[in-house]
Structures are given as C-alpha cells and as structure tokens.
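K.L.:
The structure that follows is given in the form of structure tokens.
What follows draws every value from the coordinates through simple rules; no lab data is involved. Predicted model, so just to flag it, every value in this text is computed and none were measured. Every residue, glycine among them, receives a Cβ derived from its backbone with ideal geometry; neighbour counts consider all protein chains shown.
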Amino acid sequence: MKTIQVLGSGCTKCRKTAESIERIAEQLGVEVTVTKEADPQLMMQHGVMTTPAVVIDGRLQHSGSIPHRDEIERWLQS
Amino acid sequence: MLEWFSRLADFLIVEQLGLSRDDRLGGALHFFVEDTSKIFVLLVVMIYLIALARASLRVERVRDYLAGRNRYLGYGLGSAFGAITPFCSCSSIPLFLGFTSAGIPIGITMSFLLTSPLINEVAIVLLAGLLGWKFTLVYVVVGMSVGMLGGLFLDSIRAERLLQAFARKAFDNASAPAAVDNIIENSGQNDSLTLSARHRFAMDELTDILSRVWKWVFIGVGVGAALHGFVPEGWIEQHLGDGQWWSVPAAVALGIPLYANATGVIPVMESLITQGLPVGTTLAFCMSTVAASFPEFILLKQVMQWRLLAILFVLLLVSFTLVGWLFNGLSGLGFL
C-alpha cells in the first residue's frame, strides 16, 4: 500500500495529476491512497517550489508538471 | 512574411464571402481572420522554440543563483529571471516560500513574481507580431522596471514584517532545502538534457500553454474586431484621448480586477491603438490586467497579511498610472 500525496494549490493540473495516478494504479492493480494537499507549509517542508508535486511514502518524487504515464508506472511498480 | 495572414483574410472574406474591407462586418471579420490565424501560427512556432531553448532552466536553479547575491544586483536579476523562467502563476505560493526560506529578500522575490506575468513568451510574441518590435522593447523595459522598483520599494519598507507568521519564521531561519535538487538529479532533469528530453518538455509546454490561452485569443480578437468594426472612427480619440488625464488611472482601476491574460489583452490593445487610444493609456491598461488579478491576491493571502496585500495593490495602481502618464507624455512629445 503506497501513500501518495499530490501537493498543489488546487489548480487543474493538480487535479489531473491525482486522477491519472489513481487511474493508472487501478489499471496496474496497485493499492494506493491518493490525497491532495494544498497546505503551503507542507510544500515548504518538502522544498517544493513548483506544483503539482508528488510525494510517495513521504519522499518527494516529482514537481512542476503533470507527470507522464511512464513515470507514474515506474513509481507504482518500484 | 506577416502579410501572408492579411492575404489569407483577403481571400476568405473579400473573395469567398464577397464582403468589402471597408464596411463594418467585412472590416471586423477581416481583422478577426487575420489576427487569429497570425496569433496561432506565431504561438505554436515560438512557444515550441523558446521551450526547447530553456528546458533546463528551473526555478530551483534560479533560487540557488539568487541566494546570497548583492541586493541591488538582485532586483535586476530577480526581474530578469522572472521574465525568462517558465513558471505558472499557480506555483506563486510555493515559489515565494522557497525563495524566502533560502533567505532571498522579499523584494527580490517580488521582483521575480511581479515581472513574471507581465513578461512571458506569449506576451512578447503577440506584441511583436501585432504592434511591432519598438513597442515590444518599450513594454519589456517598462515591465522589468516596475518589477525592480516594486521590489526595491517593498524591501525599503521592510515588507517581511508583514508576512504571515510561519513565512516570517522561514525567512528568519533561512537555509536552502536540498530535497528538490536531489530528485532533479534522479529524474535526469539536470544540465545535460538530451534533445529528445527537450523536445518532450517543449511539446508539454506547447500543449499546456495553448490549452490555457486558445479561448483568450478568440475573446481578445473578437473584442478587438468588434471595436474595429463598430466603434465609430474617432470616438475613442475624442473621448479617451491624452487630453483626459483621468483616463489613465481609470484604465488601471478597470484593469486590476479584470481577469485576463496577456493573450486576450494584446489583440484588444492593437485595436485600441489603431483607433487612437494613447499608447500610455493602452500600456497601463494592459499591464494592470495582466499583472494582477483577484484570484492571485487571494492566493497571496496565505503568506502575506492584509496590510501587505493592500500595499501591493496600491503599489501596482500607482506604478501603472505613472507608466501611462509617462508614455502619453513621451508620445505627445513625439518620442514614440
């Protein structure tokens, strides 16, 4: 079970990022909980300066754009 | 090369539809076809090329570069990076905090954030394509000056006192976080980007920007075309000409709450200028529409106290009004 946080101010890109992670996880049969976090202090803690950012099990994996499918697959399968 | 778009409009409107460019509907439609076709071609080509060139420029690197710089050099650099760094306004807050927690003065951060929406590839491409390079140059110089002087002013009043408590604390305990730098190494987003990685970044940028701005092109050109065809010749010059000093602050006050981005405003500007609206008034209106919007102010509330937001609002109002008067004066004297 992976805990995935999508950090962002609630813009369209953040929503799309969360949706595509959930969709791909379902297709791959990986169990995940995806939450969207808009708290600026959390972003600061992770050193995130561009959103959307993706934190998986407490570790920052990506920031600044909607991640590509191959990246998401890599995170989920690792 | 750009006459090609006028000829396309001639072909469609005059030859195919049989309308004359001199009557209202024909004139407005001609303007619409010429401008939309020109804008989309320019945007697609230029966004792709610019994105290709700056694929490796990331805000984290800008932060590392700005941290610990000489203060006065910092305002210029902050503003210059604001102009060239790919950056979406929805990242304003984390960027603000990232800069602040690296100990970069608030003024330099604000130089970056004020210049960023004013000067971007879309605005430059449209200005150069529709209003010519001279106007574009003036726009860039003025935009950067507003960013730099605004930053200088905010530091001179020690704006960091008016941040929200947690942001203030981050500034006081400044230390650069390294987390993002690590993932950048891992995901290959470092200096030596391969051409295919650059191409991928450029295509992402292109689809992202176009999906955000395409409707603004139609709205902006549509309003411009309507002004072009249906406002009587000379009306704007007579009623909003440079004789009326109040038209500049009125244009700015109208522009600040108006939410539009540069893509929608520039075609309207083109139409207004050809109709005789003074250059300074037009510039002031355009900058205030693009630089500030209520949604963005509400976002900034997360890191700033109301007083600082109010100061920022007045700062923008005053500086754009001064810009407008200055350029109306210069063009009145024949400099522009």
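K.L.:
Would you mind checking the pairs A:LYS13/B:LYS301; A:LYS13/B:LYS134; A:LYS16/B:LYS301 and listing those with alpha carbons more than 28 angstrom apart?
P.N.:
On the way: A:LYS13/B:LYS301 21 Å; A:LYS13/B:LYS134 36 Å; A:LYS16/B:LYS301 25 Å.
In this structure, A:LYS13/B:LYS134 exceed 28 Å between Cα atoms.
K.L.:
If one computes P(r) from the Cα atoms of chain B, what percent of pairs lie at distances over 27 Å?
P.N.:
Working: 27544 of 56280 pairs.
Taking all Cα-Cα pairs of chain B, the fraction more than 27 Å apart is 49 percent.
K.L.:
Which of B:THR194, B:THR85 has the fewest other C-beta atoms within 10 Å, and how do the rest follow up to the most?
P.N.:
Numbers: B:THR194 9, B:THR85 19.
Listing B:THR194, B:THR85 from fewest to most nearby Cβ atoms yields B:THR194, B:THR85.
K.L.:
Hey, if you drop one equal point scatterer on each alpha-carbon of the protein assembly as shown and run the Debye formula without solvent, what base-10 log of I(q)/I(0) do you get at q = 0.06, 0.07, 0.08 Å⁻¹?
P.N.:
-0.27, -0.37, -0.48
K.L.:
How large is the helix-only mean residue ellipticity at 222 nm for chain A, computed as the sum of -39500 (n - 2.57) over DSSP H runs with n ≥ 4, divided by its residue count, in deg cm²/dmol to the nearest 500? Please list the in-between numbers first.
P.N.:
Numbers: 3 runs with 32 residues, N = 78.
Estimated from H runs of four or more residues: -12500 deg cm²/dmol.
K.L.:
Work out how much length B:LYS134 to B:TRP306 would gain on full extension: take 0.36 nm times their residue separation and subtract the Cα-Cα distance, in nm to one decimal.
P.N.:
Details: separation 172, 0.36 × 172 = 61.92 nm, distance 3.86 nm.
Here the segment from B:LYS134 to B:TRP306 would lengthen by 58.1 nm.
K.L.:
Tell me which residues come under 5 Å, amide H to amide H, from B:MET304 once H is placed; ignore anything under 5 positions away on its chain.
P.N.:
B:GLN164
K.L.:
For region B:244-258, take each phi angle, set θ = phi - 60°, evaluate the Karplus expression 6.51 cos²θ - 1.76 cosθ + 1.60, and give the result in whole Hz per residue in order, putting x for glycine and proline.
P.N.:
Taking θ as phi minus 60°, the curve returns 8, 4, 6, 5, 6, x, 5, 5, 5, 5, 6, x, 4, x, 5 Hz for region B:244-258.
K.L.:
How large is ³J(HN,Hα), in whole Hz, for each residue of region B:100-117 in order, when computed from phi with the Karplus curve 6.51 cos²θ - 1.76 cosθ + 1.60 and θ = phi - 60°, using x for Gly and Pro?
P.N.:
Values per residue, Gly and Pro as x: 4, 6, 8, x, 6, x, 4, x, 5, 4, 6, 4, 5, 6, 6, 6, 3, x Hz.
K.L.:
To continue, here is another question. Report relative contact order for region A:2-77 in percent, whole number only (criteria: Cα-Cα under 8 Å, sequence separation at least 6). Walk me through the intermediate numbers first.
P.N.:
On the way: 119 pairs, mean separation 30.3, N = 76.
It comes to 40 percent, rounded to a whole number.
K.L.:
Sticking with this structure for a sec: Can you compute the helix-only [θ] at 222 nm over chain B? Use -39500 (n - 2.57) per DSSP H run of at least 4 residues, normalise by all residues, nearest 500 deg cm²/dmol.
P.N.:
Details: 17 runs with 244 residues, N = 336.
Helix contribution divided over all residues of chain B: -23500 deg cm²/dmol.
K.L.:
Another question, then. At 20 °C and 1.002 mPa s, grab the translational diffusion coefficient of chain A from Stokes-Einstein with a Kirkwood Rh over Cα pairs, rounded to a whole number in µm² per second. Intermediate values should be presented prior to the final figure.
P.N.:
Numbers: Rh = 12.2 Å.
Estimated diffusion coefficient is 176 µm²/s.
K.L.:
Tabulate in residue order the Karplus-calculated ³J(HN,Hα) for region B:81-96, using 6.51 cos²θ - 1.76 cosθ + 1.60 with θ = phi - 60°, rounded to whole Hz; enter x for Gly and Pro.
P.N.:
Each residue of region B:81-96 in turn: 5, x, 6, 9, 7, x, 6, 9, 5, 5, 9, 3, 5, x, 5, 4 Hz.
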